[in-house]
Amino acid sequence: MLALTSCTGKLGGATLDAILKHNLIPPSQLVMCTSSDTTSPKFSTYKSLGIQVRSFDFDSPSPSAFQGCTKLYLVSTPNIAMDFNNAPPGQGREKAHIEAIKAAISAGVKEIVYTSLAFGSESGAGVMQAHLRTEAFLKDLKAEGKIEYTIIREGLYNESWPLYLGYYDPKKDERGEIVLVGDGEISWTAISDLGLGTALVLADESGKWRGKTFYLSNSRESKSLKEIAGLVGQAKGKELGVKIVSREEYVQHYMQNGKEAPSVEWWSTTYGALEKGECEIEDDTLIELLKSKGVEPKPVEETVREMLS
């Protein structure tokens, strides 16, 4: 049986939807692990299909959530505040991931598919540190013969462009210029495409993904934040510029506009990684997976237009 975390979230939800839509895994072999009330009506349809719904909490993971499961699909916790203030190893989000992994092993899980992020292996981006630490933990466990792993570095969401573009608000932002620390090409990838690609990896029984670390990104095209700003300007009929400033100026600017210092300082490190080209991905794995189902990747231009309409 396959245990899945974060099925009510964006990536986890898209993955479960793809599994069911394409009949990739029998519902009777799926266990949804959630921090929501398991008696909630929102789970009724899933239960009617034969999917089990069990309680799971990243803050205190219990092996009972994973009993009877041989594989775990572990979506990283969204609790980014754990990473703030340069969290030392073992105290960032990886702390929650590691405890969940330990609970899964205690329950008899033999294989873990972990959703990392599409930055580089030596990245200085704060958003990547917990992922790299979790990846290292999984690799150590495999070396000790305790677990098999698959690490998927999921592409940067099409839908996340507002965050990267200076916390842009698609509904009411009227800025004519966006302040950033740096810029670089990004292989933007739609959440629905990531869900299908990830679902196909989870359903594969050949073992070809075990022990591998790879990217799922739309490698066909990439766009810089300046280009994204251009798309926004076109959609709104008003030019939108990008101004590159120092990291200190960036932090000060957004603090003055209501953002909390720990959050902005953490996020500001992202732009150095973009400038180094970490998020321009050349791995065609996702393209090939989507092609197997006759699906074309969704362009970021389409997502930008939808979010601004």
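Could you give me the residue pairs with C-beta distances under 9 Å whose first residue belongs to region 10-23 and is closer than 14 Å to Pro78 by Cα and in contact (Cβ under 8 Å) with a residue 60 or more places away in the chain, whose second residue is in a helix (DSSP H, G or I) and hydroxyl-bearing (Ser, Thr, Tyr) wherever it lies, and which are 6+ apart or on separate chains?
Pairs that qualify, where the first residue is closer than 14 Å to Pro78 by Cα and in contact (Cβ under 8 Å) with a residue 60 or more places away in the chain and the partner is in a helix (DSSP H, G or I) and hydroxyl-bearing (Ser, Thr, Tyr), are Leu11/Thr198.
Each row is one residue, and each column tells you yes or no for (1) surrounded by 12 or more Cβ atoms within 10 Å (Cβ to Cβ); (2) outside any loop (DSSP other than H, G, I, E, B).
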{"position": "Ser36", "(1), (2)": "yes, no"}
{"position": "Thr45", "(1), (2)": "no, yes"}
{"position": "Asp57", "(1), (2)": "yes, no"}
{"position": "Pro61", "(1), (2)": "yes, no"}
{"position": "Ala65", "(1), (2)": "yes, yes"}
{"position": "Cys69", "(1), (2)": "yes, no"}
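Against the condition surrounded by 14 or more Cβ atoms within 10 Å (Cβ to Cβ) and either closer than 23 Å to Glu159 by Cβ or in contact with a helix residue (DSSP H, G or I) (Cβ under 9 Å, 6 or more places away or on another chain) (or both), how does Lys276 come out, does it pass?
Against the criterion (surrounded by 14 or more Cβ atoms within 10 Å (Cβ to Cβ) and either closer than 23 Å to Glu159 by Cβ or in contact with a helix residue (DSSP H, G or I) (Cβ under 9 Å, 6 or more places away or on another chain) (or both)), Lys276 does not qualify.
Mind listing just one residue for me: the one in region 173-210 that is among the small types (Gly, Ala, Ser) and within 16 Å of the chain's Cα centre (by Cα) and, of those, surrounded by the fewest Cβ atoms within 10 Å (Cβ to Cβ)?
Residue satisfying both the conditions and the ranking: Ser192.
On the basis of being of a type in the set (A, V, I, L, M), surrounded by 19 or more Cβ atoms within 10 Å (Cβ to Cβ), out of contact with any strand residue (DSSP E or B) (no Cβ under 7 Å at 6 or more places or on another chain) and farther than 21 Å from Met82 by Cβ, does Leu290 make the cut?
yes
Looking at region 101-135, which of its residues are assigned to a helix (DSSP H, G or I) and buried (at least 24 other Cβ atoms within 10 Å of the Cβ)?
Ile101, Ala104, Met128, Ala130, His131, Thr134
Of Lys226, Lys208, Lys238, which residue is of a type in the set (D, E, K, R) and closer than 18 Å to Leu286 by Cα?
After ruling out the rest, the residue left standing is Lys208.
Find the residue count for region 279-293, including only residues that are farther than 16 Å from Trp161 by Cα and either of a type in the set (D, E, K, R) or in a loop (DSSP other than H, G, I, E, B) (or both).
Qualifying residue count for the region: 8.
Assuming Glu249 fulfils every condition listed in (1) assigned to a helix (DSSP H, G or I); (2) surrounded by 15 or more Cβ atoms within 10 Å (Cβ to Cβ); (3) not polar (S, T, N, Q) apart from one, which condition is it?
Only one criterion is unmet by Glu249, namely (2).
Could you please find all residues in region 1-26 being out of contact with any Phe, Trp or Tyr (no Cβ under 7 Å at 6 or more places or on another chain), farther than 19 Å from Ala190 by Cβ and surrounded by 16 or more Cβ atoms within 10 Å (Cβ to Cβ)?
Selection gives Met1, Ile25.
Where residues in region 212-223 are small (Gly, Ala, Ser) and touching a strand residue (DSSP E or B) at 6+ places or on another chain (Cβ under 7 Å), which of them is surrounded by the fewest Cβ atoms within 10 Å (Cβ to Cβ)?
The qualifying residue surrounded by the fewest Cβ atoms within 10 Å (Cβ to Cβ) is Ser222.
Which numbered condition in (1) charged (D, E, K, R); (2) within 21 Å of Val127 (Cα to Cα); (3) outside any strand (DSSP E or B) is the only one that Arg220 fails?
(2)
Show the residue pairs meeting these rules: Cβ distance below 8 Å; 6+ apart or different chains; first residue within region 78-99 and touching a residue at least 40 places away in the same chain (Cβ under 8 Å) and part of a helix (DSSP H, G or I); second residue surrounded by 14 or more Cβ atoms within 10 Å (Cβ to Cβ) and among the basic types (Lys, Arg).
Ile80/Arg93; Met82/Arg93; Met82/Lys95; Asp83/Arg93; Glu94/Arg133
No lab work stands behind these numbers, since they all come straight from the coordinates. Bear in mind that the values here come from a model prediction, so they are computed numbers and not experimental data. Quick reminder, even Gly has a Cβ in these numbers, built from the backbone with ideal geometry, and neighbours come from all protein chains shown.
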